[in-house]
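Have a look at the structure below before the remarks.
The values are calculated or read from the model by the stated rules, or taken from the named source; none is laboratory data. In this text the structure is predicted, and so the values were computed from the model without any measurement. As a convention, Cβ positions derive from the backbone with ideal geometry for all residues, glycine included, and neighbour counts pool all protein chains shown.
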There are 2 protein chains.
Amino acid sequence: MLNERATANELSQGAAGLATSGFCAEIGVTACRRLAETAQIETVPADKVLWHDDAPQTAVGIVLTGYLRFQRYSREGRRQILNLTVPGDLFGQETEGRAGYTLEAATEVRLCRFDRRSFDRLVADDGTLRRALYRFNAGRLERLRWLTWTIGALRPEERIVAFLLNARGFLPYRPLPDGAGLISLSVGRRDIADLLATSVETICRVFKALERDGLIRLLDASHILFLDLDALAERAGLPHAAAPEDPADPMTLVNAARGGEPLVSILPAWRGRRPD
Amino acid sequence: MLNERATANELSQGAAGLATSGFCAEIGVTACRRLAETAQIETVPADKVLWHDDAPQTAVGIVLTGYLRFQRYSREGRRQILNLTVPGDLFGQETEGRAGYTLEAATEVRLCRFDRRSFDRLVADDGTLRRALYRFNAGRLERLRWLTWTIGALRPEERIVAFLLNARGFLPYRPLPDGAGLISLSVGRRDIADLLATSVETICRVFKALERDGLIRLLDASHILFLDLDALAERAGLPHAAAPEDPADPMTLVNAARGGEPLVSILPAWRGRRPD
DNA sequence: CGTGGTCTTGACAGACGTCAATAAGGGTGG
DNA sequence: CCACCCTTATTGACGTCTGTCAAGACCACG
């Protein structure tokens, strides 16, 4: 694990890597600078537990790259992921987890930690930060609503397709000139399954079915080529073709920040191939 | 529909009817008094639409009695209820509903409306109110987490039982001396089904099964006698018997306020009966 | 080149949603 | 006060979706 003292410069480097609607971009320059004083960049491996209910950690920070899962188990071992913390998101700010929630790294994660005490003090002082926090929480609620609605009102296949579509907002994604797009599923099947309340097997089957129908193309286990976005939206049971990028999608509201994966590298290798 | 100008007195009457953890109790006397100036008590019938996405209503207020449902439909007509607004809850404060949400009365509802403009101004002025708002939103998030987890990680039967148990926190409920309890399901089966992402038929079957096993007793369609709370908790797949009233249950955090139904009236009629 | 983990595929069973018919209330008007 | 009707709840029968189990393929890593 990599620990280092973050200079203000490094932090703003990190912040610069985040897209415009990341939390960092909202809080204003002054707050950002004051936070930087206690910030430290850290890299944690996948599956590391950052926080669970009986360990009142002082973990507050922002995810720079990678993904965290906020989850809870049922007694019979079924797991439900309540939130995917994506690059640009604040994490650990919630004190209210009295139930058995845990916060874990879903992938290797680079994050920027703040001293809890300083953070709280800063929140008390800085109205801009407080307002940003408020807006962030509103976004978090909206995201959870999307998830709940998806799980509750859509069938597994629809869920999975809907997830693929709005994953464009927070997973490494690159639109291609011909209307297609390439996405990188950097989180594992298991996590996707437990987010969408389905099974990894069903995910596989749906993926293959979509490929058979020519809507997507599976390059490898973690790279999918979207061939027909409209047909996908149709299949997801969405009102209409979800707008490619900009609005309407609650998930993208908070996270325009992407994973920062070198998505280009895999592209050339597959570029010329016919869809045979 | 009943419209009247609320005097400060009437409002505090209404507020007095709310239990301690209702939103009203949190905002402090001054804010409460200033709100009362523009408040008006109103009674709306069941199924009345209070708000939907393309009608940017100025509806802000507090539910005094009855229940609101905050919901969204899928294209195929499946509905998911995202939140039950219970007595003591603030409603309408969320501006962020760009998706096709609607807010409707699930039962006949008595509510206390505020002028949106005054309310917003008051929020800007009063720090206490703002903090209460923040806490309220945190509670709302926690409630939604509970729902999501319940839908995602529990099977239909478990969901239904879990719902029954924590409905003690927000539906008319009266604990009985012998450890039993009487609850009034003032919201219809359909709404419960769409909240828990299941069907009314399944709810019926589960109820009957629970009655066969002696865990509950169905007095009539909307009144249930809890006979064995521990066994119910077990059946719900909960870690242990959920505490009767006070803590641990996210749903009760925000709403200790109950429905205010004359629950006593039905009681004597069934009291002496053997469980045959 | 083994080994463990994740992903994929197939076979299978059962839970639960859907459809349809009946029962039970609750309200309204004669 | 009864008859009627319409909504909601209940019960039964049925089919299928999808989760589970088990085996195999595919990587990535050591």
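Taking segment A:180-231 as the region of interest, how many residues are assigned to a helix (DSSP H, G or I) and either within 14 Å of chain B (Cβ to nearest Cβ) or within 15 Å of DNA strand D (Cβ to nearest atom) (or both)? Don't jump to the end; show me each part of the working.
The first filter runs over segment A:180-231 and keeps only residues assigned to a helix (DSSP H, G or I), leaving A:189-195, A:200-212, A:229-231.
Those left that are additionally either within 14 Å of chain B (Cβ to nearest Cβ) or within 15 Å of DNA strand D (Cβ to nearest atom) (or both): A:189-195, A:200-211.
Residues meeting the conditions: 19.
Residues of segment A:193-209 being of a type outside the set (D, E, K, R) and either in contact (Cβ under 8 Å) with a residue 40 or more places away in the chain or within 7 Å of DNA strand C (Cβ to nearest atom) (or both), which ones? Before you say what the answer is, go through the steps one by one.
Within segment A:193-209, the subset of a type outside the set (D, E, K, R) is A:193, A:195-200, A:202-204, A:206-207, A:209.
Answer for segment A:193-209, where residues must be of a type outside the set (D, E, K, R) and either in contact (Cβ under 8 Å) with a residue 40 or more places away in the chain or within 7 Å of DNA strand C (Cβ to nearest atom) (or both): A:LEU195, A:LEU196, A:ALA197, A:THR198, A:VAL200, A:THR202, A:ILE203, A:CYS204, A:VAL206, A:PHE207, A:ALA209.
Evaluate segment B:151-172: report whether one residue or more is within 26 Å of B:VAL109 (Cα to Cα), surrounded by fewer than 17 Cβ atoms within 10 Å (Cβ to Cβ), among the β-branched types (Val, Ile, Thr) and within 13 Å of DNA strand D (Cβ to nearest atom). There is no residue in segment B:151-172 that is within 26 Å of B:VAL109 (Cα to Cα), surrounded by fewer than 17 Cβ atoms within 10 Å (Cβ to Cβ), among the β-branched types (Val, Ile, Thr) and within 13 Å of DNA strand D (Cβ to nearest atom).
Okay, residues lined up against (1) at pLDDT 95 or above; (2) more than 16 Å from DNA strand C (Cβ to nearest atom); (3) small (Gly, Ala, Ser):
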site	(1), (2), (3)
B:TYR173	yes, yes, no
B:GLY181	yes, yes, yes
B:GLU211	yes, no, no
B:ASP228	yes, yes, no
B:HIS240	no, yes, no
B:PRO262	no, no, no
B:LEU267	no, no, no
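Close Cβ contacts (under 7 Å, 6 or more residues apart or on different chains) running from residues in segment B:177-192 that are without any contact (Cβ under 8 Å) to a residue 12 or more places away in the chain to residues that are within 15 Å of DNA strand D (Cβ to nearest atom) comprise B:ARG190/B:VAL200. Considering the conditions (1) under 30 Å from A:ARG205 (Cβ atoms); (2) outside the structural domain of A:THR43 (by TED's automatic domain parsing); (3) at pLDDT below 95, A:THR102 is excluded by exactly one of them, (2).
Considering segment A:149-179 alone, what residues qualify as being within 13 Å of chain B (Cβ to nearest Cβ) and acidic (Asp, Glu)? Hits for segment A:149-179 are A:GLU157, A:GLU158.
Can you pull out the residues in segment B:41-93 that are of a type in the set (Gly, Ala, Ser) and away from every other protein chain (no Cβ under 14 Å)? Scanning segment B:41-93 gives B:ALA46, B:ALA55, B:ALA59, B:GLY61, B:GLY66, B:GLY88, B:GLY92. Screening B:ALA221 with (1) at pLDDT below 95; (2) more than 25 Å from B:TYR67 (Cα to Cα); (3) among the hydrophobic types (A, V, I, L, M, F, W, C); (4) surrounded by fewer than 17 Cβ atoms within 10 Å (Cβ to Cβ) gives one miss only, at (2). Beta carbons closer than 8 Å, at least 6 apart along the sequence or on distinct chains, pair a first residue in segment A:102-129 that is aromatic (Phe, Trp, Tyr) with a second that is assigned to a helix (DSSP H, G or I) for A:PHE114/A:LEU35; A:PHE119/A:LEU35.
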